[in-house]
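Comments concern the structure below.
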Amino acid sequence: MSDYTTVYGSLNDFTPGGVDPINDDPKNYVFSNVFDVASRSQPYERVAVGKNLEYALEVVRAEGESPWYTAAHDEFALCMDGQVEIHLVKLDDPDAVVAPDSEGAHLVDGMPEGRKMGRIVLNRGHQALLPPGAAYRFSAESPGVLLMQTIFGPCTVERWAEICQSEPMKLD
Amino acid sequence: MNEMANSGTLQSHFKINPASNETGYKAYEAGSFKFKRDEYFVEIAWPNGTHRMAADDFMRALMRDVAWGFFYGTIAFDEVFGTTNHYGIVDMFAGTYHEVYKAAGRDHLEQFRAEELLKLMKDMVEDWTNEGYDPFAAPGEAGAGVPWGRKNGDNHDAVNRIRVTAERMVGLPGDAVIRTDDNGYPKNRMLADVAEDQPLVEAEPGFEKEVAAFNLYDYLSRSDVTWNPSVCSVVKESLFCPTSEEFSLPVEHGNDRCEWFVQLSDHIAWDVKDRDTGRPRAKLVMRAGDVACMPADIRHRGYSPKRSMLLVWENASPRVPEMIQKGEAPVVAVQF
Ligand SMILES: [Fe+2]
């Protein structure tokens, strides 16, 4: 057996580190913790924790059933806590749902029209592809956490001042 | 560090000198930089200076610079010597980003065509790696070996590992393959407890190529290299480059753009310095679930006491360095 215990953190048990500035502003590091953010989020809010020009990292608190989403480009979902099920539907007319040059995840009005593509169940550490032209929906029986690799879009929520460290921290 | 790649003429002098009778190692010349190694040290000389590094520090840094193809921005082997990538053109420098060298006029910088310099550096990493020594390994690993002594065999397989880059996502048909015991990637001893289960994937007929998922943590727990970010998923120019980390980052990385970290497991401590002067700016500790952005005007070095899983997130757009120089892209990723 392993002599080492890998520490992952979870919604119920996380210990953030932080920034100890020598000669700097801690805000420059945009420091947050995905479990902390998810613990203070509404189910399926897509809260930005990373921004690199148009590209986004979003934290999603998976709890119950999500609305249907779609995007005009690939997105990826990494499960960082809990178990999350994903249902995928190939949209009959994706361009009518979301413009082909649009960015980020968009809500689908009502039930998506198209063929069932399949189902994925993610546990901690598992990452799924969310392909363009598909609508997807998450569900989780108990609260879980997803990290989304995507682009800023109409569903992205930004509340940096609430989630990021802004005061110096003494580190041990 | 973002001086444009037009400040000098391109060097075309490259020379590999025959093995020394005394040490058995070849010596190298790139432009007016000269490199030789002995049993313990690597000596670098340029027209108005010399510099020494312990062979293990130099080899671990050289291995990353070569494997990453000069990566993004500056790879500082230490506070004096390193390279800066201008994507096609590469600077080699000594003292350029050291306050005192710079002020005293003892700094030196020459420019090379990237592929020509890389060819020489590949020969160097091959020749200066002895049998049993693995510059990709953390020193506490069983297969790390020792770099010391006279020329003694080689470790061709270790220094010629291919850096994995997924086109879309690891595990998709035709893309980078997942790692298993059977294809030569056993669990690392420090990540042996990471769950091995693969996600449940039920694709309807015809959708097998689009309904896909893989176990990223298991994949990382089987990495046979440290501090070697490799692309695992791609959204246009947004690259997830997760990596497994143990001991210290063998270089100081001064990126030419913002670089994000998500600590997926365990913890890493980071020292952050000013990119151009090396003056200390901040210390960070990132624990599991922490997210932080390295500003575009710093250099950073990480310390991972236990092998940990780190997600490095890059924006690979070739326009970013120029946008930052022109003030069209921020040095700090988010203002709040
Ligand atoms: Fe870096």
B:Glu22/B:Lys122 FRET efficiency (R0 30 Å; Cβ-Cβ; nearest 0.05): 0.80
B:His13 versus B:Ile178: modelled label distance in nm, points set 7 Å from Cα along the beta carbon direction: 5.4 nm
Convex hull of segment B:14-156 built on C-alpha atoms - directionally averaged projected area, nm²: 8.4 nm²
Segment B:Ala192-B:Glu237, length gained on full extension (0.36 nm per residue, minus Cα span): 12.9 nm
Full-extension gain in nm, B:Glu131 to B:Ala45, via 0.36 nm per residue minus C-alpha separation: 28.3 nm
Amide H contacts under 5 Å for A:Cys155, placed H, 5+ residues apart: A:Ala105
Residue among B:Ala212, A:Ala48, A:Ala96 farthest towards the positive dipole end of the protein assembly as shown, charges placed on Cβ: A:Ala48
Segment B:10-40: trypsin sites (Lys or Arg not before Pro) in DSSP loop, at most 16 other beta carbons within 10 Å: none
Long-range tail of P(r) for segment A:26-157 (Cα pairs > 20 Å, %): 40 percent
Assigned charges on the beta-carbon of Lys, Arg, Asp, Glu; segment B:129-202 dipole about Cα centre (debye): 460 debye
Label-to-label distance, nm, for residues given as A:Asp25 and A:Lys116 (7 Å Cα→Cβ offset): 5.3 nm
Between B and A, accessible area buried - total, square angstrom, nearest 100, 1.4 angstrom probe: 6100 Å²
Average other protein chain Cβ within 10 Å of Cβ, residues A:159-166: 2
Antiparallel bridges, percent of DSSP beta bridges restricted to segment A:26-157 (to nearest 5): 95 percent
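On the accessible surface of segment B:53-93, probed at 1.4 Å, how many percent belong to carbon and sulfur atoms?
In segment B:53-93, the share of accessible area belonging to carbon and sulfur is 50 percent.
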Point-charge dipole on Cβ atoms (K/R +1, D/E -1) for segment B:14-156, about Cα centre, debye to 20: 300 debye
Largest to smallest principal axis extent of the C-alpha atoms in segment A:1-46, angstrom: 44, 34, 13
Rounded tilt (10° steps) of B:114-128 against the dominant C-alpha axis of chain B: 90 degrees
For the protein assembly as shown, with +1 on Lys and Arg beta carbons and -1 on Asp and Glu, the positive-most of B:Phe336, B:Val100, A:Ser66 along the dipole: B:Val100
Shielding by partners, peptide B:242-249 (average Cβ within 10 angstrom, other chains): 0
Charge dipole magnitude, Cβ of K and R +1, D and E -1 - segment A:26-157, Cα centre, debye nearest 20: 400 debye
1.4 Å probe accessible area per residue over segment A:1-149, in Å²: 38 Å²
1.4 Å probe accessible area per residue over chain B, in Å²: 38 Å²
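What does the highest-first list of B:152-163, B:300-311, A:120-131 look like by mean Cβ count within 10 Å?
A:120-131, B:300-311, B:152-163
Beyond 40 Å, what percent of the Cα pairs of the protein assembly as shown remain?
Cα-Cα pairs in the protein assembly as shown separated by more than 40 Å: 24 percent.
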Computed accessible area, B:Tyr40, all protein chains, 1.4 angstrom probe, square angstrom: 130 Å²
Dimensionless Rg over Rh [segment B:138-292; C-alpha; Kirkwood]: 1.00
Cα Rg, Dmax, chain B, angstrom units: 20.5, 70
Positive-end extreme of charge dipole, segment B:14-156 - chosen from B:Phe81, B:Phe71, B:Phe112 (charges on Cβ): B:Phe112
Average beta-carbon neighbours from other chains, 10 Å sphere, peptide B:189-195: 5
0 to 90° range, to nearest 10: angle between helix B:55-67 axis and chain B longest Cα axis: 60 degrees
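The values are calculated or read from the model by the stated rules, or taken from the named source; none is laboratory data. A quick note: this is a predicted structure, and the numbers were derived from the prediction, not measured. All Cβ positions, glycine included, derive from the backbone under ideal geometry; neighbour counts span all protein chains shown. The area values use the complete protein model at the heavy-atom level, side chains included, leaving out ligands, DNA and RNA. Shrake-Rupley method; radii C 1.70, N 1.55, O 1.52, S 1.80 Å.
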